[in-house]
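Read through the structure below, which is laid out as structure tokens, and then see the notes.
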Ligand SMILES: Nc1ncnc2c1ncn2[C@@H]1O[C@H](COP(=O)(O)OP(=O)(O)OP(=O)(O)O)[C@@H](O)[C@H]1O
Ligand SMILES: [Mg+2]
């Protein structure tokens, strides 16, 4: 028997929803969306958490403007996540100090379980998981160790991105996808996605002012992008 599974369950028992933001293709906006979702849930008055599961390329701390060389989670019968703008935030970047972290599959597996076992979350309305692109170790671990996790898939309207979503439609993962966010949208692909059997949660355009807001949460939360995420979060939490 793997004793780590009950330990993981115990750590997460106070969390109402676990929502993983996923995509087949990279660079479609998962990190920005996951960070904005966690910030928005806190902003509208619910306790929220954000766990960066893109271990080899953690970047949520950059969106949140957390200096991982200065801040560190406190140890207290486990590890307490760092509180950022009301969000309980945890990332391996606190330990890698933001440096590159090349990892093989087995190491990803170990970090995945270790992080879940040591982190002491409060009672949360939702824990948002940022994930690496593709359907590799982290996603498979989520389905194994966090069977109640829901998935929000992100795609752009581009053919190659959309094709990766279509592939998912035929797999066991499809039933776990509560909705799709079309990001950096320049044409409506709502009907194509609905034909795949998925619900469209939002179509978010490209915003040219976003780049200047990375690391500045106050500015980031005033953008049109954050407004779209707030509408999406309302739908997800309803
Ligand atoms: N709606 C948008 N408008 C403008 N820029 C955006 C938008 N969404 C994301 N971006 C930008 O696109 C880039 C990729 O976003 P992000 O890092 O969130 O994608 P990702 O899916 O997490 O990538 P990866 O697969 O590498 O983890 C970032 O520079 C981000 O600021
Ligand atoms: Mg990312």
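Residues are listed down the side, and each one gets a yes or a no for (1) away from ligand 1 (no atom under 13 Å from the Cβ); (2) surrounded by 14 or more Cβ atoms within 10 Å (Cβ to Cβ):
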{"residue": "145", "(1), (2)": "yes, yes"}
{"residue": "161", "(1), (2)": "no, yes"}
{"residue": "199", "(1), (2)": "yes, no"}
{"residue": "217", "(1), (2)": "yes, yes"}
{"residue": "233", "(1), (2)": "yes, yes"}
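So residue 71 passes all but one of these: (1) surrounded by 16 or more Cβ atoms within 10 Å (Cβ to Cβ); (2) free of Cβ contacts under 8 Å to residues at least 24 places away in the same chain. Which condition number does it fail?
Of the numbered conditions (1) surrounded by 16 or more Cβ atoms within 10 Å (Cβ to Cβ); (2) free of Cβ contacts under 8 Å to residues at least 24 places away in the same chain, the odd one out for residue 71 is (1).
Please go through (1) buried (at least 16 other Cβ atoms within 10 Å of the Cβ); (2) within 14 Å of ligand 2 (Cβ to nearest atom); (3) part of a loop (DSSP other than H, G, I, E, B) for residue 61 and return the number of the only condition it doesn't satisfy.
Single failed check for residue 61: (3).
Let's see how each residue does on (1) surrounded by 24 or more Cβ atoms within 10 Å (Cβ to Cβ); (2) closer than 21 Å to residue 113 by Cβ; (3) more than 9 Å from ligand 1 (Cβ to nearest atom); (4) modelled with pLDDT under 95:
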site: 16; (1), (2), (3), (4): no, no, yes, no
site: 38; (1), (2), (3), (4): yes, no, yes, no
site: 43; (1), (2), (3), (4): no, no, yes, no
site: 52; (1), (2), (3), (4): yes, yes, yes, no
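What is the one condition in (1) over 26 Å from residue 221 (Cβ atoms); (2) more than 16 Å from ligand 1 (Cβ to nearest atom) that residue 100 does not satisfy?
For residue 100, the failing item is (2).
Mind listing whichever residues of segment 117-136 are at pLDDT below 95 and surrounded by 20 or more Cβ atoms within 10 Å (Cβ to Cβ)?
Matches in segment 117-136: none.
Only one residue in 108, 79 is more than 16 Å from ligand 1 (Cβ to nearest atom), touching a helix residue (DSSP H, G or I) at 6+ places or on another chain (Cβ under 7 Å) and touching a residue at least 24 places away in the same chain (Cβ under 8 Å), so which one is that?
79
Mind checking which residues of segment 84-102 are under 18 Å from residue 114 (Cα atoms) and touching a helix residue (DSSP H, G or I) at 6+ places or on another chain (Cβ under 7 Å)?
If the condition is that a residue be under 18 Å from residue 114 (Cα atoms) and touching a helix residue (DSSP H, G or I) at 6+ places or on another chain (Cβ under 7 Å), then 89, 90, 91, 92, 93, 101, 102 are the ones that fit.
Only one of (1) under 30 Å from residue 163 (Cα atoms); (2) away from ligand 1 (no atom under 16 Å from the Cβ) is not met by residue 60, so which one is it?
Of (1) under 30 Å from residue 163 (Cα atoms); (2) away from ligand 1 (no atom under 16 Å from the Cβ), only one is false for residue 60: (2).
What is the one condition in (1) within 16 Å of ligand 2 (Cβ to nearest atom); (2) touching a residue at least 12 places away in the same chain (Cβ under 8 Å) that residue 211 does not satisfy?
Of the numbered conditions (1) within 16 Å of ligand 2 (Cβ to nearest atom); (2) touching a residue at least 12 places away in the same chain (Cβ under 8 Å), the odd one out for residue 211 is (2).
Where in segment 101-210 are there strands (runs of 3 or more DSSP E), lying fully within it, with 3 or more residues that are within 15 Å of the chain's Cα centre (by Cα)?
Ranges flagged: 124-130, 150-155, 177-185.
Filter segment 11-50 for residues that are away from ligand 2 (no atom under 16 Å from the Cβ), in contact with a helix residue (DSSP H, G or I) (Cβ under 9 Å, 6 or more places away or on another chain) and part of a helix (DSSP H, G or I) and give the result.
Selection gives 11, 12, 40, 41, 43.
Return yes or no: is residue 66 assigned to a loop (DSSP other than H, G, I, E, B), within 16 Å of ligand 1 (Cβ to nearest atom), within 19 Å of residue 154 (Cβ to Cβ) and touching a strand residue (DSSP E or B) at 6+ places or on another chain (Cβ under 7 Å)? Quick ask: steps written out before the conclusion?
Numbers: assigned to a loop (DSSP other than H, G, I, E, B): yes; within 16 Å of ligand 1 (Cβ to nearest atom): yes; within 19 Å of residue 154 (Cβ to Cβ): no; touching a strand residue (DSSP E or B) at 6+ places or on another chain (Cβ under 7 Å): yes.
Judged against the criteria, residue 66 is not a match.
The values are calculated or read from the model by the stated rules, or taken from the named source; none is laboratory data. Note that the coordinates shown come from a computational prediction; the quantities given were computed from them, not determined experimentally. A quick note on method: Cβ atoms are made from the backbone with ideal geometry, for glycine too, and the neighbour counts reach across all protein chains shown.
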